[in-house]
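Single-structure report; data block below.
The values are calculated or read from the model by the stated rules, or taken from the named source; none is laboratory data. From a predicted model like this one, the values you see are computed outputs, not experimental measurements. Note: ideal-geometry Cβ built from the backbone for every residue, glycine included; neighbour counts use all protein chains shown. When the accessible area is computed, the model is the full protein with side chains, heavy atoms only, and any ligands, DNA or RNA have been set aside. Shrake-Rupley method; radii C 1.70, N 1.55, O 1.52, S 1.80 Å.
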2 protein chains.
Amino acid sequence: MPPSASAAPLSFSLAEARALLERTSAILDTWLRGLPDAWLHANEGGETWSPYDVLGHYIHGEKADWIPRLRRMLEHGTAVPFDKFDRFAQVRDSEGKSAADLLDELARRRGESLAALDGFGLDETALDRRGLHPELGEVTVRELLACWVAHDLDHLMQIARVLAHRHAGEVGPWRAYLRIISGSPG
Amino acid sequence: MPPSASAAPLSFSLAEARALLERTSAILDTWLRGLPDAWLHANEGGETWSPYDVLGHYIHGEKADWIPRLRRMLEHGTAVPFDKFDRFAQVRDSEGKSAADLLDELARRRGESLAALDGFGLDETALDRRGLHPELGEVTVRELLACWVAHDLDHLMQIARVLAHRHAGEVGPWRAYLRIISGSPG
């Protein structure tokens, strides 16, 4: 069953959010560095993303999304909306780079992002500050940070799903038991 | 969109499968070791599993599922069906153990499983050998190995989803963009 917002029992903790944010690039490194190209460039068909594409998307997030938007909120509140985020920038930015190059760059950029986050010294009042998303309207710093964590996890989930897709036709009758392949919500 | 079996373009490769199998315990270690308990013991409500529970399930798979079933197929073909797999064994087996204990045990057992797999020296003929699943009927060695990989990925996906669930009520209007939280298939 898809989780419902109302069922989430716990409130946001900056320290706990950071504990996941600081792991993401290392998880990706452990998972993808040296993996055969057949896995790195597998996708779910058509214009869907491969793990390699997802790495570029994470990097673009470090450059254009999380810390730049957080800084915009702290400096301008809702007076200046966020710049729009280009979900396809990685096609251009990843050109000519190996997966290892992207993993190195992501680790470096994520480290810089966390140093910037720590430098803001956010307290509970700062977490309540508001900014203006160009499509979604007003959002809080707390929501941005919770979204950063969830976005990291969303694309880890995507990588698992994309990789499993390569075996979708190979698992025989076990297909029924594998939610990642059957697409069953249960 | 859930992937369809017919869209999977590539065929099973033992070497490529092994490349993912050998990473799983290290991915889990990078992700979960030292993570705050609020994350390790988060679940999706009711009897759903936490990341800690999933670790125990992986360990039980090493003990009772993958290599024991593979050995059964190679020794007895379809003459002796697999033993049934207890999906809740980890509740008993994990008792009193920390997440760090489970990560250590999984790394050790996965290493032993891969050594056993290598020892079988499976060729294409061996990949076609058949065994008897107590509920699903005849399966091949190739299907078992493809299922092992997909099962690893299925539970990595589950951990990402369970962790993101903690932020389901915290991401504000970004909820609409986060497939991992909205449950949207698209």
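Around A:L106, what is the net charge, scoring Lys/Arg as +1 and Asp/Glu as -1 over all other residues with Cβ under 14 Å from its Cβ?
Residues close to A:L106 contribute a combined charge of -4.
Within the P(r) computed for the protein assembly as shown, what percentage of the Cα pairs occupies the region above 32 Å?
33
Per residue of A:23-31, what is the mean number of Cβ atoms on other protein chains within 10 angstrom of that residue's Cβ?
Per residue, the number of nearby Cβ atoms from other chains is 5 on average.
Using the crude model of +1 on Lys and Arg Cβ and -1 on Asp and Glu Cβ, and no other charge, please compute the dipole size for the range B:50-116 relative to its Cα centre, in debye to 20.
220
Using only the Cα atoms of chain A, what are the Rg and Dmax in Å?
Just the Cα atoms of chain A yield Rg and Dmax of 18.1, 57 Å.
Check cross-link reach from A:K97 to the lysines: straight Cα distance under 30 Å, and skip same-chain residues fewer than eight apart.
A:K63, A:K84
Just checking the output field for B:40-50: average partner chain Cβ neighbours within 10 Å of each residue's Cβ? Write down the numbers at each step before the final one.
Details: counts 0, 0, 4, 2, 6, 6, 2, 0, 2, 0, 0.
Other-chain Cβ atoms within 10 Å of each residue's Cβ, averaged: 2.
Using +1 on the beta carbon of Lys and Arg, -1 on that of Asp and Glu, and nothing else charged, what's the dipole of chain A about the Cα centre, debye to 20?
Numbers: 21 positive and 28 negative charges, 58 e Å.
Result for chain A is approximately 280 debye, rounded to the nearest 20.
Would you mind computing, in nm to one decimal, how far apart the modelled labels at A:A15 and A:D93 are, each placed 7 Å from Cα along Cα→Cβ?
So the label points at A:A15 and A:D93 sit 3.2 nm apart.
Largest first, what is the accessible-area ranking of A:L132, A:L32 with a 1.4 Å probe?
Accessible-area ranking of A:L132, A:L32, largest first: A:L132, A:L32.
By the gyration tensor of its Cα atoms, with a ≥ b ≥ c the square roots of the eigenvalues, what is the shape of the range A:110-164: rounded for a/c under 1.5, prolate for a/b over b/c, or oblate?
Numbers: a/c = 2.95, a/b = 1.55, b/c = 1.90.
Here the range A:110-164 falls in the oblate category.
For the range A:73-135, just say rounded, prolate or oblate: build the C-alpha gyration tensor, square-root its eigenvalues into a ≥ b ≥ c, call rounded for a/c under 1.5, and beyond that prolate if a/b exceeds b/c, oblate if not.
oblate
Highest GNM mean-square fluctuation, chain A, Cα pairs closer than 10 Å: which of A:H167, A:H41, A:H155?
A:H167
So if we plug the beta-carbon distance of A:T78 and A:A107 into 1/(1 + (r/R0)^6) with R0 = 45 Å, what FRET efficiency do we get, rounded to 0.05?
After rounding, the FRET efficiency stands at 0.85.
When Lys and Arg each count +1 and Asp and Glu each count -1, what net charge do the other residues less than 15 Å away from A:E75, Cβ to Cβ, add up to?
It works out to a net charge of +4.
Any chance you could check the range B:154-172 for residues losing 50 Å² or more of accessible area when the partner protein chains are in, compared with the chain on its own (1.4 Å probe)?
Listed by number, the residues meeting the 50 Å² cut-off are B:D154, B:M157, B:R161, B:H165, B:R166, B:H167, B:E170.
Can you tell which of A:H167, A:A100, A:L145 lies farthest toward the positive end of the dipole of the range A:78-186, using +1 and -1 charges on the Cβ of basic and acidic side chains (Lys, Arg; Asp, Glu)?
Comparing the listed Cα positions along the dipole, A:H167 ranks first.
Ignoring ligands, DNA and RNA, what percent of the accessible area of the range A:1-114 is carbon or sulfur (1.4 Å)?
Whole-percent figure for carbon plus sulfur exposure: 52.
Tabulate in residue order the Karplus-calculated ³J(HN,Hα) for the range B:67-79, using 6.51 cos²θ - 1.76 cosθ + 1.60 with θ = phi - 60°, rounded to whole Hz; enter x for Gly and Pro.
Ordered by residue, 3J(HN,Hα) equals 5, x, 6, 4, 5, 4, 5, 6, 8, 10, x, 8, 6 Hz.
Picking from A:N43, A:G119, B:G61, whose Cα lies most toward the positive end of the charge dipole for the protein assembly as shown (charges on Cβ: Lys, Arg +1; Asp, Glu -1)?
Farthest along the dipole direction, towards plus: A:N43.
Given an 8 Å cut-off on Cα distances and at least 6 residues of separation, report the relative contact order of chain B as a percent.
29
With each label point set 7 Å from Cα along the Cα-Cβ vector, what nm distance links B:A126 and B:F85?
That separation, rounded to one decimal, is 2.1 nm.
Summed for both chains, how many Å² of accessible area, to the nearest 100, are buried between A and B with a 1.4 Å probe?
The summed interface area works out to 6200 Å².
Averaged across A:138-149, how many Cβ atoms of other chains sit within 10 Å of each residue's Cβ atom?
5
Tell me the net charge near A:K84. Cut-off is 12 Å between Cβ atoms, A:K84 excluded, with +1 for each Lys or Arg and -1 for each Asp or Glu. Walk me through the numbers on the way to the answer.
Values: positive: A:R69, A:R87; negative: A:D65, A:D83, A:D86, A:E135.
Once positives and negatives cancel, what remains is -2.
Placing the label point 7 Å from Cα along the Cα-to-Cβ direction, what are the distances from B:T78 to the equivalent spots in the other copies, shortest first, in nm to one decimal?
B:T78 label point versus its equivalents elsewhere: 6.8 nm.
What's the magnitude of the charge dipole for the protein assembly as shown around its Cα centre, counting Lys and Arg as +1 and Asp and Glu as -1 at the beta-carbon? Answer in Debye, nearest 20.
That gives a dipole near 300 debye.
Can you list the residues, at least 5 places off or on another chain, whose amide H is less than 5 Å from the amide H of A:E138, using H built in the peptide plane?
A:H133
Tell me, what is the per residue accessible area of the range B:71-110 in Å², probe radius 1.4 Å?
Result: 60 Å² per residue.
Using θ = phi - 60° and the Karplus curve 6.51 cos²θ - 1.76 cosθ + 1.60, what whole-Hz ³J(HN,Hα) does each residue of the range A:102-109 get, with Gly and Pro shown as x?
5, 5, 4, 5, 5, 4, 5, 5
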